[in-house]
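Reviewing the structure listed below.
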Amino acid sequence: MTSGVSIETLDHTYPGATAPTLRQVTLDVPAGTRTAVLGPSGSGKSTLLSIVAGLTAPTGGDVRLAGRSVLRLPPHRRDLGVVFQRPLLFPHLTVAENIAFGMRMRGTDRVVVRHRVAELLDAVALPGFTDRRSTELSGGQQQRVALARALAARPAVLLLDEPFSALDPQLRGDMRTLLTDLHRREGTTTLFVTHDRDEATDVADHVAVLVDGDLAQHAPPAQLFRRPASLAVARFLGGAANAIAGTAHPGRFDCALGSLRLDTPHRGPGLLLVRPRAIVVADQDGPNVVPATVTAVTDRGTHLDVQAASADVILHLTTGPATPLRPGDEVSLWLPPTQLSVVGR
Amino acid sequence: MTAPVPRRPLGTVLTRPAVVLLAGLWVAGPLLPLAVQAFTDQWFYPDLLPARWSLSGWRQALGPQSGLAEAVATSIGIGVAVAACATVLGTAAGRALAWHRLPGRRLMELVLLTPVLVPPFAVAMGAQIVYLRAGLADSVTGVVLAQLPAAAAYTTLLMSGVWAGVDPALERQGRTLGAGPWRAFREISLPRLHGGLVVAAMFAFLVSWSDYLMTLLIGGGVVTTVPLLLFATAAGSGNQAATAAIALVAVVPPLLLTALAARQLAGGDTALLGVGR
Amino acid sequence: MNTRRTGLLLILPALAAVVLLFGGGLGYGLAQSLGLAGFTDTGPGLVAYRRVTEGPAFTEGLLLSLWISLVSTVLAVVIGVAAALALRRTSGGRRTATFLAQLGLPVPHLIGAVAVGLLLADSGLLARAAHAAGVTLPALVADPYAVAVIVEYVWKEAPFVLIVVLAALGGPVGEHERVAATLGARPRQVLRHVTLPLLAPSILAVAVLIFSFALGAYEVPALLGRAYPQPLPVLAYQRFTAAELSGRAEGIAVALLIAVIAVGAAVAYTWASRRAAGRVTGALR
């Protein structure tokens with residue numbers, strides 16, 4: 001049976017280190033869902049996974065599987081499947097024996113094992129690879145076997161630590177599709193660690209952003225982009241090109257550009273964030289339309305990167321090639337209220 | 001809630017002093033009695049302690065009629081010659097194995113390994129007559145030549161590993177900047193080989209320092225090295241104090257050289273096989 | 001620069017040294033043992049081999065040699081592997097222990113034999129200690145089971161096994177063990193199904209080296225063994241240096257037979273290591 005993972009106020013500091021790797025991280029992954037832990041390298045995301053797997057001991061906090069604390073359990077009694085960045089197939093075993101490993105350790109009936117192995121080989125599109133050795137497989141094939149191996153014993157939770165980052169981009173896309181398909185079949189609760197935001201939003205239904213050991217935000221992908229919880233999250237997701245200082249009030253944000261309409265729970269001093277693609281070159285006046293002077297234009301072929309100055313604020317925007325702007329042009333820019341978010345300074 | 005640190009996943013945990021003590025006992029166990037025995041005079045069975053401590057064993061071992069000083073000089077001379085030749089041969093062959101495409105490479109490697117696998121005295125007995133006819137038997141030169149293949153096999157093994165860790169592109173870069181092949185080797189690769197060369201030379205020296213049978217058969221008892229003297233004293237004299245004293249003298253260079261080179265020794269060095277055989 | 005010719009020129013001196021100085025002796029020895037060269041009182045043929053193998057001295061010597069080599073190899077491997085696995089789990093002192101093990105490696109076997117002799121002889125330290133404790137020990141030096149010889153080999157070779165296995169454990173073995181644990185393998189299962197199979201090639205290689213060395217070494221049994229039966233290397237030397245002219249060929253014949261067994265073990269190893277993975281897999285089923 002698959003079960004949920006609850007991580008509660010988890011702390012971790014490496015011996016001898018001054019700064020903690022993880023600070024009071026609390027994260028709930030309901031049974032059957034997929035959460036990606038997204039963060040830059042050194043953010044503590046692999047340590048988090050390692051603690052859940054039982055390979056690293058936390059300095060504080062708790063990890064619960066199906067509501068039961070597992071901190072005192074060694075890895076082999078946590079009922080997990082883990083896939084690491086490298087496939088780490090056992091070189092002395094065949095593909096089928098690798099996949100069967102977890103079941104054999106649990107003493108599963110031989111007929112059941114054979115059946116399950118065949119089923120999983122089909123699922124990862126490697127039928128007929130039963131008696132191959134791991135050294136005869138390509139990197140992508142090895143990682144598929146590793147995935148099948150982790151899932152074979154129907155573990156309660158599947159943990160993936162940057163599983164595709166060693167593969168080339170084309171293959172990475174295929175693997176994301178495979179993982180989604182496997183999840184549809186198996187329904188295993190999945191915790192997925194990655195530094196690639198496209199991978200995180202592709203594979204998971206929830207994304208937890210980890211920055212410098214702090215859990216900055218845990219939300220569905222769309223909300224992450226639309227309503228980043230902090231400047232750090234926005235920066236990591238590439239949405240901090242326009243950050244304008246001002247003060248948030250109910251229904252509006254006062255800044256150098258004037259009083260802009262928007263909907264934000266934020267109150268008081270903050271930063272207004274708007275993505276370059278969200279800014280629209282308008283042809284008439286209205287609410288949230290600001291006059292600006294184009295200062296620089298770079299033709300990227302598919303689009304133009306434009307900088308425009310408005311009341312001493314430099315706005316970054318992108319336009320389609322059909323809008324030929326030149327430095328010095330006077331333009332009106334519309335900042336759509338639904339595309340605006342405010343974070344603390 | 002503060003979580004307890006989970007138990008170690010496998011096995012028990014030995015503490016540091018226990019580990020060091022056990023390892024120390026194992027290594028020093030048989031060697032310490034040597035150190036005691038060398039300073040005894042009359043030590044009758046079954047006394048636990050000798051009746052008299054004395055330096056008489058040392059006096060005999062170091063005295064003029066024992067010939068230990070000459071044996072040490074001979075051993076060092078042969079060892080240095082073997083180390084020099086084997087290191088040069090091994091450095092060249094190691095570079096070829098690590099950097100070059102060689103026809104019949106597997107066969108070459110096998111040939112170079114034979115001195116490691118075939119007991120050397122199978123060769124020494126056959127070679128004795130050849131050395132006799134060539135006028136090399138009973139001579140230091142003959143002993144150096146007889147010890148050389150085994151030593152060269154180990155230095156080649158070791159140096160091919162060291163060369164594999166040096167980037168050939170650096171020498172190529174040097175050549176484009178106007179260095180000839182020899183200059184490029186001397187000024188670019190050689191400094192990077194330094195640690196490996198020291199270890200290789202040390203191993204070759206120790207292979208020579210330990211050799212007994214080759215020296216006995218080719219040296220014909222005329223070339224007396226430390227192992228020959230030790231064996232003769234141990235088997236023939238019955239003087240345990242003198243035997244222990246000579247053994248202690250013989251054990252110093254290996255221990256000293258290994259301790260000095262400890263930092264250079266990679267854990268799994270295959271060349272370690274050769275030492276002390 | 002990386003031409004074949006340069007490579008050949010570089011490797012040639014070492015090859016020549018081995019082929020001429022080592023192979024030459026081997027070939028000439030073979031010729032002598034077959035009565036084709038050297039001082040001989042017989043015509044060409046297998047006379048020397050027949051003469052030296054027909055008596056009980058050879059058979060008993062061969063059995064003794066095999067006993068010494070096998071027991072030494074097994075004990076050294078078991079102790080060395082166990083120590084390496086234990087050392088990996090220790091909280092500290094691994095570097096010191098490894099250093100101590102390395103320190104013991106270059107001690108010549110001859111010195112080891114002298115030291116073990118002083119320790120285990122009838123009037124040695126162990127016998128004195130046993131006497132003080134009121135125990136009488138059986139003879140350990142020059143005894144029927146070659147205890148002292150085996151002790152010396154194990155004392156020298158177990159640290160060697162330890163160092164080789166520790167080096168092998170430094171590779172990806174640890175990662176594979178962690179994967180096995182996350183897949184539900186208990187510590188004992190990890191050891192049996194992952195650690196030992198992954199270490200098997202290194203262990204096998206070390207075992208072959210120790211076996212062929214113990215089989216061919218002269219000084220240790222010469223110093224610590226009995227006058228009869230003699231292990232093959234001692235027998236070979238005795239025949240070789242015997243007064244009669246035919247002894248030389250017989251001595252070389254014994255030496256070459258040892259070489260054949262030693263090389264046979266190495267060949268068997270190469271063969272086994274190629275199939276090692278398959279064998280281990282079979283054993284798991």
From fewest to most C-beta neighbours within 10 Å, the residues C:Arg192, A:Arg116 line up as C:Arg192, A:Arg116
Residues whose modelled amide H sits under 5 Å from the amide H of A:Val193, counting only those 5 or more places away in sequence or on another chain, are A:Val37, A:Leu160, A:Asp161, A:Glu162
Restricting to Cα pairs under 8 Å and 6 or more apart, the percent relative contact order of the stretch B:56-273 works out to 35 percent
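Tell me the relative contact order for the stretch A:224-283 as a rounded percent, counting alpha carbon contacts under 8 Å between residues six or more apart. Working shown, then result.
Working: 81 pairs, mean separation 19.0, N = 60.
32 percent.
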So the angle from the long Cα axis of helix C:147-169 to the longest Cα principal axis of chain C, reported in degrees to the nearest 10, equals 50 degrees
Descending packing, highest mean Cβ count within 10 Å first, for A:59-70, C:58-69, A:34-45 is A:34-45, C:58-69, A:59-70
Rounded to the nearest 10, the angle in degrees between the Cα long axis of helix C:94-104 and the longest principal axis of the Cα atoms of chain C comes to 0 degrees
Between the Cα axis of helix A:169-186 and the main Cα principal axis of chain A, the angle (0 to 90°, nearest 10) is 60 degrees
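In what order do C:Glu244, A:Glu136, A:Glu8 fall by count of nearby beta-carbon atoms within 10 Å, going from fewest to most? Intermediate values should be presented prior to the final figure.
Details: C:Glu244 9, A:Glu136 12, A:Glu8 17.
The most exposed by this proxy come first: C:Glu244, A:Glu136, A:Glu8.
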Residues A:Asp161, A:Asp299 in order from fewest to most other beta-carbon atoms within 10 Å are A:Asp299, A:Asp161
Non-local residues with an amide H under 5 Å from the amide H of B:Thr224, with H modelled 1.01 Å from N and Pro and chain starts lacking one, are none
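DSSP loop (so not H, G, I, E, B), at most 15 other Cβ within 10 Å: list which GluC sites (Glu not before Pro) in the stretch C:171-231 pass both filters.
The qualifying sites: there are none.
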For the stretch B:45-54, in residue order, the Karplus 3J(HN,Hα) values (coefficients 6.51, -1.76, 1.60; θ = phi - 60°; whole Hz; Gly and Pro = x) are 5, x, 4, 6, 10, x, 5, 8, 8, 7
A correct Karplus calculation of ³J(HN,Hα) over the stretch A:95-109, with 6.51 cos²θ - 1.76 cosθ + 1.60, θ = phi - 60°, whole Hz and x for Gly and Pro, returns 4, 5, 5, 4, 5, 6, 3, x, 5, 4, 5, 8, x, 5, 4
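Take every Cα pair under 8 Å in chain C that's 6+ residues apart, average their separations, divide by the length, and report that relative contact order as a whole percent. Each step should come with its number before you reach the end.
Details: 309 pairs, mean separation 75.5, N = 285.
Rounded, it is 26 percent for chain C.
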FRET efficiency for A:Arg267 and A:Thr295 from the Cβ-Cβ distance with R0 = 35 Å, rounded to 0.05, comes out at 0.60
Listed residues A:Val124, A:Val112, A:Val95; largest mean-square fluctuation, Gaussian network over chain A with Cα springs below 10 Å, found at A:Val112
With Cα springs under 10 Å, the Gaussian network model of chain C assigns the largest mean-square fluctuation among C:Ala101, C:Ala181, C:Ala14 to C:Ala14
Counting only residues 5 or more apart in sequence or on a different chain, those whose built amide H sits under 5 Å from that of A:Leu210 are A:Leu38, A:Gly39, A:Ala216
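When Cβ neighbours within 10 Å are restricted to other protein chains, what is their mean count per residue of peptide A:153-161? All intermediate terms of the calculation are to be shown ahead of the outcome.
Details: counts 2, 0, 3, 0, 0, 0, 1, 0, 0.
Per residue, the number of nearby Cβ atoms from other chains is 1 on average.
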Note to self, the protein assembly as shown gives a 222 nm [θ] from helices alone (DSSP H runs n ≥ 4, -39500 (n - 2.57) apiece, / all residues, nearest 500) of -16500 deg cm²/dmol
Averaged over residues of B:221-233, the number of beta carbons from other chains lying within 10 Å of each residue's Cβ is 2
Here the stretch A:300-307 yields Karplus 3J(HN,Hα) values (6.51, -1.76, 1.60; θ = phi - 60°; whole Hz; Gly and Pro given as x) of 8, x, 7, 7, 10, 8, 10, 10
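Summarise the partner chain shielding of B:29-37 as one whole number: the mean count of Cβ atoms from other chains within 10 Å of each residue's Cβ.
Details: counts 6, 17, 8, 3, 9, 5, 1, 2, 6.
Mean partner-chain Cβ count within 10 Å for B:29-37: 6.
Bear in mind that the values in this text are calculations on the coordinates, not laboratory data. Since the structure is predicted, the reported quantities are computational estimates derived from the model, not experimental observations. For neighbour counting, all protein chains shown are included, and Cβ atoms are generated from backbone atoms with ideal geometry for every residue, glycine included.
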